[in-house]
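Everything on this sheet refers to the single structure shown next.
The values are calculated or read from the model by the stated rules, or taken from the named source; none is laboratory data. On a predicted model such as this, the values are computed, not experimentally measured, just so you know. Here the Cβ is made from the backbone with ideal geometry for all residues, glycine too, and neighbour counts use every protein chain on show.
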Amino acid sequence: MSDIEPSSIIPLIGAAQMELSIVVVNLLILTILLFLSALVSGSEVAFFSLSPKDLEELKAEKSRKNSFVLELISRPKDLLAIILVSNNFINVGIIVLASYISNPWFQNEFWEGHQTLFFLTQIVGITFIILLIGEVIPKVYATKNALPLAKFMAYPLNTISKTPPFSWLCKGLVSGTELINKRAKKHDLKLSSDDLENALALTREDNSDEEEHKILEGIVKFGNTDVKQIMRSRVDTIAIDEDSNYTEVIETILESGFSRIPVYRESFDHVIGILYVKDLLAHLSENDDFVWQNLIRAPFFVPESKKIDDLLKDFQNRKMHMAVVVDEYGGTNGIVTLEDVLEEIVGEITDEFDDDDLVYSKVDENTYIFEGKTPLLDLYKVMDIDGKEFEEQKGDSDSIAGFMIEQAGKILRKNERLQFNGFTFIVEASDKKRVKMVKVVRNIEKEHE
């Protein structure tokens, strides 16, 4: 064996040291990329997990970091685009670098003969590392430390969002998503209320929650209900004359128990405002000379044909609970409240001031006695019918008495009858102007046909 000269060993050692240095540097860069991936992934959970309390804390403590957090969270689509773009760039870097580092380890006869196994091993190994270190661990941590992590990542994410080409990519991603959403909406499956009602009927089971089904049915019918169908008519509305003295106003409030009362001038067709009882609390000791009219608030008028889902939005936007219902000629038909609207979904809402007197009485399973002014909607609820046939034939009427008069073409007298779709309506009490009490009988023979 010939002796190895020292001069030939030195280059080998230098090459080995250089190769080792490159591996160490690559491993260091890989570690940094994994750490960055973990921070970016965790920030996604951190920002979108901030509670209302956290947001209030950020608003209360004025600082640059807090302002960055609030600015980013106010643009959720842009924030999500920044996180996704950043994370994808980092993960691509991790994959490329991890493949480069691992390639020399697989350069032997075994792996060269099993290229598919070599490829799958690399993919599984790198994917496991990214999922564990870059996704699972940071997101678990972020759920418990959302606010500190959001503050820590606010400045870097804000900087990335304003730095090309990342800013261009983020804007392109958001714009592309909005374009896809707009096109998708054009092809949305449109279902009618009848389709939804049929779907609810199919899902009804003997052991299902009846109250839940009633609420769902109320939601389905919600958009098809007019204000006229749920309003309190003018004959049943408590109102105050503008010329009333303060003592009379207080007496009316105490007798009615309402917190908001319409105020009219000369007649109820000229409602000038709404009196809020809470506005009088500071003036309870005043005498009859007190000018209570200065406390009247502006009224909100709605047409009787307005849909109650639109009315609910108006109540929310205006922060009001009562509206005055007017007809096509500007006359006052009655009032409608936020409670009336909500009752169409959740059912009757009662409080200690509500009148508990029965508006109907049940004679037997198929016979009920109603006041003539009872809305048809209440008839449907009490007798558990869908009321489609009534709605198709009712015309402009919305009460039981109005329906009977419209169908008969006259004001029915006591004991006169009206047959309609398997129901018999019998007048129990009436006068020259209106039908006061009505007996409604469900014809069993009709049901069994």
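Look through SER99, SER21 and report the one residue that is loosely packed, with under 11 Cβ neighbours inside 10 Å and at pLDDT below 80.
Answer to the check: SER21.
Only one of these is more than 16 Å from ASN87 (Cα to Cα), surrounded by fewer than 17 Cβ atoms within 10 Å (Cβ to Cβ) and modelled with pLDDT of 85 or more: VAL124, VAL140. Name it.
VAL140 is the lone residue from the list that is more than 16 Å from ASN87 (Cα to Cα), surrounded by fewer than 17 Cβ atoms within 10 Å (Cβ to Cβ) and modelled with pLDDT of 85 or more.
Just give me the residues in the range 271-312 being surrounded by 17 or more Cβ atoms within 10 Å (Cβ to Cβ) and touching a Gly at 6+ places or on another chain (Cβ under 6 Å), in sequence order.
Selection gives ILE296, PRO299.
Since LYS59 meets every condition but one in (1) at pLDDT 80 or above; (2) surrounded by 13 or more Cβ atoms within 10 Å (Cβ to Cβ), which condition does it not meet?
(2)
Looking only at the range 253-282, which residues are without any contact (Cβ under 8 Å) to a residue 24 or more places away in the chain and assigned to a helix (DSSP H, G or I)?
Hits for the range 253-282 are LEU254, GLU255, SER256, LYS278, ASP279, LEU281, ALA282.
Residue pairs, Cβ under 6 Å, 6 or more apart or interchain, first in the range 407-436 and surrounded by fewer than 16 Cβ atoms within 10 Å (Cβ to Cβ), second in a loop (DSSP other than H, G, I, E, B) and modelled with pLDDT of 85 or more. List them.
That search, which allows pairs on different chains as well, returns LYS436/GLY372.
Please go through the range 269-302 and give me each residue that is closer than 18 Å to GLY330 by Cβ and in contact with a Pro (Cβ under 9 Å, 6 or more places away or on another chain), ordered by number.
VAL271, ILE272, GLY273, ILE274, PRO299
Based on what the data block shows, is THR31 among the hydroxyl-bearing types (Ser, Thr, Tyr), within 28 Å of the chain's Cα centre (by Cα) and at pLDDT 80 or above?
Against the criterion (among the hydroxyl-bearing types (Ser, Thr, Tyr), within 28 Å of the chain's Cα centre (by Cα) and at pLDDT 80 or above), THR31 does not qualify.
Report, by residue number, each residue of the range 284-314 that is of a type in the set (S, T, N, Q) and under 20 Å from SER259 (Cα atoms).
Passing the criteria: SER285, GLN293, ASN294.
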